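Here's the structure, in structure tokens; my notes come after.
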Amino acid sequence: MENNSIISEQTVQDGKLYRHLNSLIVSHLRHNNLTQAATAVASATMTPLNVEAPPNKLLDLVAKGLAAEKDDVSRGTSSSPFQDLGASLPLPRPGATAIDFSSLPDLKGSSKGFPKHETRHLSEHKNVARCARFSPDGRFVATGSADTSIKLFEVSKIKQMLLPDAKDGPVRSVVKTYYDHIQPVNDLDFHPQGTILVSGAKDQTIKFFDVSKTNAKRSYRVIQDTHNVRSVSFHPSGDFLLAGTDHAIPHLYDINTFQCYLSANVPDNSPNGAINQVRYSCTGAMYVTASKDGAIRLWDGITANCVRSITAAHGTAEATSAIFTRDQSKITNSLSSIGKKNRREKLRLI
């Protein structure tokens, strides 16, 4: 648990470092009258073009870094992974392997076929199962249903059930079933650093469950929203929660105070559709929404401003889901359309 917390905190810090570096680059180009280059970098990194920074701040930092590196080399203690100005920035964390995802070609039709899979374990709700989510540590799987229930499975017990000779008799993989919503459960998410499961439902509530409490069958905290809660997503820090609802703007909650924040920056083409799904990027620097009006929208994870709208992403069909790739350069999204198969596509961000 402690390791997960350290990794998540490092991820958030990295995201802040990247944003600060991008801001310095954009500011440097703009102050040197390289407006076209500044605009291109700002668009590619989703950095505000009018970001404020001292004109020579980037040059000062580079000069200081090179001077410090020169001193280290002269003392024979240099540990810098780069030797000239052509090196890649920002620096990778110790032990990390840098991969340039943007240099990989987009291959079509070359993916390998999936091997045949067998159903090894089956558990049913009384109605449609609408969502499922693994906990970050892989210990649990939670499922939510239109029958208003939430089932919590322990993965180790599922594996134990698959053994040919179970010495301890029948094993129940469902360790808990929560009956606390009065309308269908739409989405689930686990807290990135704890044993907290959160649910969003059609009854306009967001509920918090502590899965470490063995006897608890109801939530211990509730957020009463004003709309049908279609999607929920924790910020990587665990301090904030996004909710996508029938309202066209994402609802951002501080989970310590339960205060709700709405973006004051509405896109030029004002959204007029409910949000089917909302998801944070792995650093929390951005989040994405997929809406019934067919638009995919990107939002700044710090200012909550909409920085890009991709309208009619799938023609006239609604966008049902969207999620970032690990390198955050693309968004995988899908559509839903009557009479057509669900289709999943990738939108390149850079």
**Asked** Which FRET efficiency value, to the nearest 0.05, do you get for residue 259 and residue 13 by plugging their Cβ-Cβ distance into 1/(1 + (r/R0)^6) with R0 = 30 Å?
**Response** 0.80
**Fill in**
Expressed in nanometres to one decimal, the distance between label points 7 Å along Cα→Cβ at residue 216 and residue 134 is 2.4
**Item:** Unsatisfied cross-links (Cα-Cα over 29 Å) in the set 217/292; 176/292; 207/292; 157/217; 126/157
**Value:** 217/292; 176/292
**Fill in**
Applied in sequence order to segment 54-59, the curve 6.51 cos²θ - 1.76 cosθ + 1.60 (Karplus, θ = phi - 60°) yields integer Hz couplings, x standing for Gly and Pro, of x, x, 10, 4, 5, 4
**Message:** Run the numbers for residue 311 and residue 56: contour at 0.36 nm per residue of separation, minus the present Cα-Cα distance, in nm.
**Reply:** 88.0 nm
**Asked** Where the centre of each part is set by its Cα atoms, how far does segment 183-233 sit from segment 126-149, in angstrom?
**Response** 11
**Fill in**
Residue by residue through segment 272-288, the couplings from Karplus 6.51 cos²θ - 1.76 cosθ + 1.60 with θ = phi - 60°, in Hz, x for Gly and Pro, are 10, x, 5, 8, 6, 8, 10, 9, 7, 6, 5, 9, x, 6, 9, 9, 10
**Prompt:** Once phi is turned into θ = phi - 60°, what whole-Hz ³J(HN,Hα) does the Karplus curve with 6.51, -1.76 and 1.60 give for every residue of segment 200-208, x standing for Gly and Pro?
**Reply:** x, 9, 5, 7, 6, 10, 10, 10, 10
**Prompt:** Any idea of the accessible area per residue across segment 194-291, 1.4 Å probe, to the nearest Å²?
**Reply:** 40
**Request:** For residue 231, list long-range residues whose amide hydrogen, built 1.01 Å from N in the peptide plane, is under 5 Å from its own amide hydrogen.
**Result:** 244
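Please list 124, 52, 69, 318 from largest to smallest accessible area, probe radius 1.4 Å, with all protein chains kept in place.
Listed by decreasing accessible area, they come as 52, 124, 318, 69.
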**Request:** Check each of the trypsin sites (Lys or Arg not before Pro) in segment 184-259 and keep only those in coil by DSSP with at most 15 other C-beta atoms within 10 angstrom; list them in order.
**Result:** 213, 217, 218
**Request:** Quote the FRET efficiency, to the nearest 0.05, computed for residue 158 versus residue 66 with a Förster distance R0 of 45 Å and r equal to the Cβ-Cβ distance.
**Result:** 0.25
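Return the carbon/sulfur percentage of the accessible area of segment 178-233, one whole number, probe 1.4 Å, all protein chains in place.
Roughly 47 percent of what the probe reaches on segment 178-233 is carbon or sulfur.
The values are calculated or read from the model by the stated rules, or taken from the named source; none is laboratory data. Here the structure is a predicted model, which means the values were calculated and not measured. Every residue, glycine as well, gets a Cβ built from its backbone with ideal geometry; the counts of neighbours run over all protein chains shown. Remember, those area values only see protein heavy atoms, side chains included, never the ligands or the DNA or RNA. Shrake-Rupley method; radii C 1.70, N 1.55, O 1.52, S 1.80 Å.
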